[in-house]
Each structure stands twice: as C-alpha cells, then as structure tokens.
1. Which pairs turn up if I take residues in region 281-302 that are β-branched (Val, Ile, Thr) and look for partners that are at pLDDT below 95 and surrounded by 17 or more Cβ atoms within 10 Å (Cβ to Cβ) with beta carbon separation below 7 Å, at least 6 apart in sequence or on another chain?
2. Hey, among 70, 66, which residue is touching a strand residue (DSSP E or B) at 6+ places or on another chain (Cβ under 7 Å), assigned to a loop (DSSP other than H, G, I, E, B), among the hydrophobic types (A, V, I, L, M, F, W, C) and more than 20 Å from residue 209 (Cβ to Cβ)?
3. Residue check: is residue 162 within 24 Å of residue 229 (Cα to Cα), hydrophobic (A, V, I, L, M, F, W, C) and touching a residue at least 12 places away in the same chain (Cβ under 8 Å)?
4. For region 81-128, how many residues meet the condition of being part of a loop (DSSP other than H, G, I, E, B) and not hydroxyl-bearing (Ser, Thr, Tyr)?
5. Using the structure shown, decide if residue 87 is among the hydrophobic types (A, V, I, L, M, F, W, C), at pLDDT below 95 and farther than 22 Å from residue 3 by Cβ.
6. In this structure, does residue 24 turn out to be surrounded by fewer than 16 Cβ atoms within 10 Å (Cβ to Cβ), over 27 Å from residue 117 (Cβ atoms) and either of a type in the set (D, E, K, R) or modelled with pLDDT under 95 (or both)?
7. Got a sec? Which of 100, 111, 38, 50 is surrounded by fewer than 18 Cβ atoms within 10 Å (Cβ to Cβ), of a type in the set (Ser, Thr, Tyr), under 22 Å from the mean Cα position of the chain (by Cα) and not assigned by TED's automatic domain parsing to the domain that holds residue 180?
8. Quick check: is even one residue across region 32-39 closer than 28 Å to residue 209 by Cα, at pLDDT 95 or above and in contact with a Pro (Cβ under 7 Å, 6 or more places away or on another chain)?
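The values are calculated or read from the model by the stated rules, or taken from the named source; none is laboratory data. Please read all numbers here as calculations on a predicted model, not as lab measurements. We place every Cβ from the backbone using ideal geometry, glycine too, and count neighbours over all the protein chains shown.
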Amino acid sequence: MNILIAGVSDNGGASWWASQAINRYTRHQARGTRTYDSYIKFPHDILAPSAGQMTQLCHWADVIHVRDTVKMIPPMYRRTKPIVLTMTGKRNTLQGVLKSCRRNRWLMGVSTYDLTQLMPEGSVVWTPNSREDLAHQWHPVRGQFRVVHAPTSRICKGTETVIRAVSSMDHPVALDVIEHQTYAETMKRKQWCRCLIDQFTYGYGSNSIEAWALGMPTISGAMRGNYAEAVEKMAGFLPYIRVREDVEEIREAILEIQGGGPLYFDAIERGREYFFKYHHMRAVAERLIGVYEKAISYKASG
C-alpha cells in the first residue's frame, strides 16, 4: 500500500512521525508532506511541495491521510482516492466536518482521544500522534529538581498557575518554561528535567507523549467533560498524575514526585505502559494501517 500523509503546518509533527512509523514498522510505503514550516521546525520528509509534486504523490498513493483540511489535495483526487481526514482540536467544527466526510465517503479521524467523546459512537477513529522510545536520552540534572512546562499558549496551558505553584514551594525546585523554541531545542531541554507539567483542560498533548517517551512522569488534568474518565475507561488507568489548575494541587504533586515515593515510580510505569500501547511508533503504525484499510473499503462501498 502506498500512503500519502499531508499536513499544513503539521501539528505536533504528526505527518512526519506517522510516515516514518509506517516505513519503519510495516511493509507499506508512506511519504509525508508539510505545506509550510513554523518556528518549531519539526522534522520533515517533503516540505512545501509544488502543485506538480502533490499531483504525482496523489496519483502514486492508494490512500491519502490529511490533517484538518483537504485543500492541499487536487480536487480530482479528493473525489477518487480513499481519504482519511484527521481533525486536531477545533471542537466547534467537528460535527460539520463529519457531515462533509460522510458526503464524500472519507473516513474521519481525531488526533486526541477526548475528541471521540464529542462525536456519535463509532463515527470517528482515533489516529494518535507517535514518537520513538527516547529513554536513552533522559538525563535529569543531578542535585537540582527541575520541572518542565512547554506551552504554545499560556492561557490554554495554565502557565501562570504553574509558575505560582512552583515559586511558592519551600523546597527548591527549578521551573523551565520552554516557549518559542524549535523542536530540537525543546527536546534537548526536556531531557534534563525530572517531571513535566502539561495542561489542565483536555488531559494531555504531545508534551506528555514526549515525556513518556523519555520515561518522565507527567502532571496534567482534564477538567472538561468526561475526557479523563474516557481515557481511564479505554486504557484501564490514567497515564498522568491528575490535578486541577490549582496552585496547591500542583505543588503537592511536585512534592510527591520530588520525594521519590510510590507515586513517582507509579507515574513513570503508567506513562511508559500507555506510551508503548498507544503512542509508540510501532503501535501507531499498526493502528493506522487498519484505518487506511477501512478507508479503502468505505470508499469502494459507495
């Protein structure tokens, strides 16, 4: 099977990692494209392909996987090729996108598991982001307990609350807030930290996936809907230490991790188990091949 995975700014580097996962762990072939680069500079396969390149790639592909929009795909191939359209966030548009997918006989995916809870049961598939195992790169600084937080939006990620929680601690804790940095620089700084604080609205994102890939425990939350409960029901456990966006709760979670007690080691084990089950490149590659086969059958039955 030939697979084209196309993104615009490639949220979370998903198109790159999905294509690499398929090439590395399956017998199928994948190419990944990104329309333009951002300051994050995720790795890429084909950056800013020309119209001619996109036409050639679409002709080559047996199935096309796009993120958030099909605009980069020539209209002829939108009509004739099996397509998986994965939505990243954008919760207020999901129902409209589902109607469009059904009309065109495209298969709709969502990038995070919480989004499945907003849709009719069985109407969308989860196409999670992936990373490789990075445990060999985790080298926490000795003699200093360092916490990392990497927001793309301070408001969405509760950054000011995180800063207040850490600054109010009696025990010395260093907080590394990573903003407006490249992916390479961000990963270099993460590997020196002892734990990650992710976000408090939707549960977890790429930051947590990268932390689990390193072997690092995460503090996070999911206060809207029943998103945390849905993940726990699906996996059998929560992969992160769940707290509210609250100074005292964040501080207490950090203290427990800093003490190196059972919570710390349990959080590491849960994060690693969840990572290998749902976000490791091999697991995601196997899941995506099943999704693409389903998309081909769905298109053929129309």
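1. none
2. Answer to the check: 70.
3. Here the answer is yes, as residue 162 does meet what is asked.
4. 12
5. Answer is no for this residue.
6. Against the criterion (surrounded by fewer than 16 Cβ atoms within 10 Å (Cβ to Cβ), over 27 Å from residue 117 (Cβ atoms) and either of a type in the set (D, E, K, R) or modelled with pLDDT under 95 (or both)), residue 24 qualifies.
7. Selected residue: 38, the only one of 100, 111, 38, 50 that is surrounded by fewer than 18 Cβ atoms within 10 Å (Cβ to Cβ), of a type in the set (Ser, Thr, Tyr), under 22 Å from the mean Cα position of the chain (by Cα) and not assigned by TED's automatic domain parsing to the domain that holds residue 180.
8. Yes, there is a match, as at least one residue in region 32-39 is closer than 28 Å to residue 209 by Cα, at pLDDT 95 or above and in contact with a Pro (Cβ under 7 Å, 6 or more places away or on another chain).
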